[in-house]
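The structure appears right after this line, and notes come after that.
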Amino acid sequence: MTRHTSLGDTAFKRSRNLKLLLDKREIAFAGNAKLKIYGTLACRSGKRMRVENRVFFNSEAEAIGEGYRPCGHCMTDAYKIWRKLVD
C-alpha cells in the first residue's frame with residue numbers, strides 16, 4: 001500500500017511520481033484510507049477524494065489483505081459478493 005501523500009511534498013511531485021508508478025504497473029487500484037474502500041483508478045468516486053485519504057494498491061488481493069472492501073460504484077460485482085459475505 002502506498003499513501004498518495006508519500007509520493008511527494010507538492011502536487012506536481014506527487015502527480016509525477018504517480019505517473020512513474022502507473023507506467024511501471026506498480027499501481028492497479030486506489031482506495032480511501034478513512035473509509036477502507038478500494039476501487040479502480042478510473043472511478044469517479046475515487047477521483048473526488050482528498051489526497052490525504054487516498055492510497056494505492058498493486059493488486060486487489062493487497063487491498064483485501066489490508067481490510068478494504070470493494071467500491072459499490074466501479075466494482076459492482078465484487079461489491080455484491082462482499083455484501084453477501086458480510087450480511
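The values are calculated or read from the model by the stated rules, or taken from the named source; none is laboratory data. Here the structure is a predicted model, which is why all the values come from computation and not from measurement. Neighbour counts run over all protein chains shown; Cβ positions are idealised from the backbone, glycine included. Just the protein is used for accessible areas: all its heavy atoms, side chains included, with ligands, DNA and RNA removed. Shrake-Rupley method; radii C 1.70, N 1.55, O 1.52, S 1.80 Å.
Tabulated data
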| read-out | value |
| --- | --- |
| Residue selected from the stretch 1-23 under the condition more than 13 Å from the chain's Cα centre (by Cα) and of a type in the set (Lys, Arg), by the criterion farthest from Cys71 (Cα to Cα) | Lys13 |
| Strands (runs of 3 or more DSSP E) completely within the stretch 3-68 that count 3 or more residues being touching a Phe, Trp or Tyr at 6+ places or on another chain (Cβ under 6 Å) | 29-32 |
| Residues (over 12 Å from Val51 (Cα atoms) and surrounded by 12 or more Cβ atoms within 10 Å (Cβ to Cβ)) located in the stretch 3-17 | Arg16, Asn17 |
| Positions within the stretch 24-44 being open to solvent by 30 Å² or more (accessible area, probe 1.4 Å) and within 11 Å of Gly67 (Cα to Cα), in sequence order | Leu35, Lys36, Ile37 |
| Selected residue (criterion: nearest to Arg54 (Cα to Cα)) from residues of the stretch 22-32 that are touching a helix residue (DSSP H, G or I) at 6+ places or on another chain (Cβ under 8 Å) and aliphatic (A, V, I, L, M) | Ala30 |
| Residue that is nearest to Met1 (Cα to Cα), among those in the stretch 65-79 that are free of Cβ contacts under 8 Å to residues at least 24 places away in the same chain and open to solvent by 40 Å² or more (accessible area, probe 1.4 Å) | Gly65 |
